[in-house]
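Written below as structure tokens is the structure these notes are about.
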Amino acid sequence: MALIGFSSAAFSETNNNETPSEVTGHKILVAFFSWGGTTKQVAENIVKHTGGTLFRIETVKPYPTEYKTCTEVAREERDKGVRPELKTVVEDMDEYDIVFVGCPVWWHTAPMAIWSFLKSDNYDFSGKTIIPFCTYEETYRDETLAKIVELTPNSKHLDGFGTIDKNADVTNWLNEIGVITVNN
């Protein structure tokens, strides 16, 4: 898996106390699927630092709220290759050139809702920069980030981010991949 880097000079400068309305020259979408709220919080942290647009990936049929039952549904979807129908679409996807895609790790990979989003006939991710992120309890961070890259083969990719902490500081990661420049 090759991940391509960006030059930080191509992006606007910001610091921890600023929230840019848009990274110069780039329109950013932060699309995420979240069941328990952890991934949502990380997505919101990314938006806080990039000024991107937040988009929640939701399924038409909600997942069960009880953890064990939800894991059973998720496993069955994965095992059968079921791509659940999504509730909404990004109407103006063509306007975005950088798309963060985030999710929790479910059964060692990205949930099937992410597959539905990334393989939708509604979107063409060719030429866009995809930046994966995930949240997890134990492991399979790298496998999940790699799955998002695999599902977008005609895109550019930057190094992903994974965390167990919903309040994780994403500033260093965003700076390292060149999306923001932190002034010290």
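Rule-based calculations on the coordinates, nothing more; no lab input. Nothing here was measured: the structure is a model prediction, and the numbers come from that model. Virtual Cβ from ideal backbone geometry, glycine too; neighbours counted across all protein chains shown.
Could you tell me what percent of the DSSP beta bridges with both partners in the chain are antiparallel, to the nearest 5?
10 percent
Between residue 76 and residue 44, with labels modelled 7 Å along Cα→Cβ, what's the label distance in nm to one decimal, could you check?
Distance between label points: 3.2 nm.
How many angstrom lie between the Cα centre of the stretch 111-184 and the Cα centre of the stretch 41-75?
So the two Cα centres are separated by 14 Å.
Highest GNM mean-square fluctuation, the chain, Cα pairs closer than 10 Å: which of 51, 162, 81?
Answer for the Gaussian network model of the chain: 81.
Given 0.36 nm per residue, what is the gain on full extension from residue 92 to residue 61 after removing their alpha carbon distance, in nm?
Result for the pair: 8.8 nm of gain on full extension.
Which GluC sites (Glu not before Pro) in the stretch 24-75 sit in a loop by DSSP (not H, G, I, E or B) and have at most 12 other Cβ atoms within 10 Å of their own Cβ?
66
With the dipole of the chain worked out from charges on the C-beta (+1 for Lys and Arg, -1 for Asp and Glu) around the Cα centre, which of 174, 123, 71 lies farthest toward the positive end?
Among 174, 123, 71, the one farthest towards the positive end of the dipole of the chain is 71.
From Cα pairs below 8 angstrom and at least 6 apart in sequence, can you work out the relative contact order of the stretch 78-184, rounded to a whole percent?
Computed value for the stretch 78-184: 25 percent relative contact order.
Can you give the charge dipole size of the chain about its Cα centre, rounded to the nearest 20 debye, using +1 on the beta carbon of Lys and Arg and -1 on the beta carbon of Asp and Glu?
300 debye
Fewest to most neighbouring Cβ within 10 Å: what's the order for 55, 33?
Going from sparsest to densest Cβ surroundings: 55, 33.
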